[in-house]
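To start, the structure itself, in C-alpha cells.
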Amino acid sequence: MKLFKVIYYIFVGCLAIIALLLIVSIFPITGNFKVMTVLSGSMEPAIKTGSIVVVKPADSYKINQVITFTNPSRKNEPITHRIVEMEVIEGNPLYITQGDANNAPDQQKVQPREIIGRLLLDIPYLGYTVETAKKPFGFMLIIVVPAVIIIYDEFRKIWREIKKLRNKKKDNQQDQKIEKLEEEVDELEDKIKEE
C-alpha cells in the first residue's frame, strides 16, 4: 500500500504542475513569464521536440541567446530560435535568428516588438503532456483519472473505518457477554455459598 501512496502522490504532484503550466500558458501576462511548447526539432539537440520552454521578456537581447518570437506569417505559432546576428537600422535593432538544427538563418528578421521573451528554462518532453491536456480528451483524462483515484482512495478509507467500527462493536458485544457471564458466575457462586 505504501507504493500505491507514493505513486498516488507523485501522480497528483505531476497533475498540479501540469495544471499550473496550463494556467500560466493560457493567461499571458505582459512582462511576465510565459510557458510554451516546442513543436519542431529546429533547436535539437539543445531543445528537444516536445519540450516546454519558459521565457521572460528582457530589455535587450544579445547574440547567442535563445529567444521565442512571433512570426508575422504564422501568428499562432511562436518560434524558438537562437540569435546569430544583429543589425541596427535607423537606431532600431533587428535580430537574425536560426535554429540550431537548421542549415541557414531564418529569412525573416525579428523586430523587438515580435519577441515574446528570452529562454530561461526548458524541460524536455513535458510539452507533450501540456499539449495533450489542452485537447478535450486529454483534459478529460486529467480530470477523470485523478477523480477516480481520489474516489477509490476515499472509498478504501471509509471501508477501513467501517471495519474498525464493526470490530469495535464486536469487541463491545464480547465484553458485554463476558460481563454477563461473570455476573452469572458470581450469582452461581453466591447460590453455592448460600447452600
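What follows draws every value from the coordinates through simple rules; no lab data is involved. Note that the structure is predicted; figures quoted are calculated from it, not measured. Reconstructed Cβ throughout: ideal geometry from the backbone, glycine too, with neighbour counts over all protein chains shown.
Overview of values
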| read-out | value |
| --- | --- |
| Most to least packed among 50-63, 162-175 [average Cβ atoms within 10 Å] | 50-63, 162-175 |
| Per-q log10 I(q)/I(0), segment 2-134, q = 0.09, 0.10, 0.18 Å⁻¹ (Debye; single scatterer per alpha-carbon; no solvent) | -0.30, -0.36, -0.98 |
| Rg over Rh [alpha-carbon atoms, Kirkwood Rh] for segment 62-125 | 0.95 |
| Given charges at beta-carbon only (K, R positive; D, E negative), |dipole| of the chain in Debye | 980 debye |
| Virtual paramagnetic centre 7 Å along Cα→Cβ of Asp175, amide N under 14 Å, in segment 127-169 | 165-169 |
| Phi to ³J(HN,Hα) by Karplus 6.51 cos²θ - 1.76 cosθ + 1.60 over segment 96-108, Hz, x for Gly, Pro | 9, 10, 7, x, 4, 8, 8, 7, 9, x, 5, 6, 7 |
| Helix runs (DSSP H) in the chain reaching 20 Å along axis by Cα, Kyte-Doolittle at least 0.5 | 2-26 |
| HN-Hα J in Hz across segment 112-120 - Karplus 6.51, -1.76, 1.60, θ = phi - 60°, x for Gly and Pro | x, 5, 8, 7, 7, x, 8, 5, 9 |
| Largest-first ellipsoid semi-axes for segment 136-195, taking √(5λ) over the Cα gyration tensor eigenvalues, angstrom | 57, 4, 4 |
| Gained length - Lys134 relative to Lys2, 0.36 nm times residue gap less alpha-carbon distance | 44.3 nm |
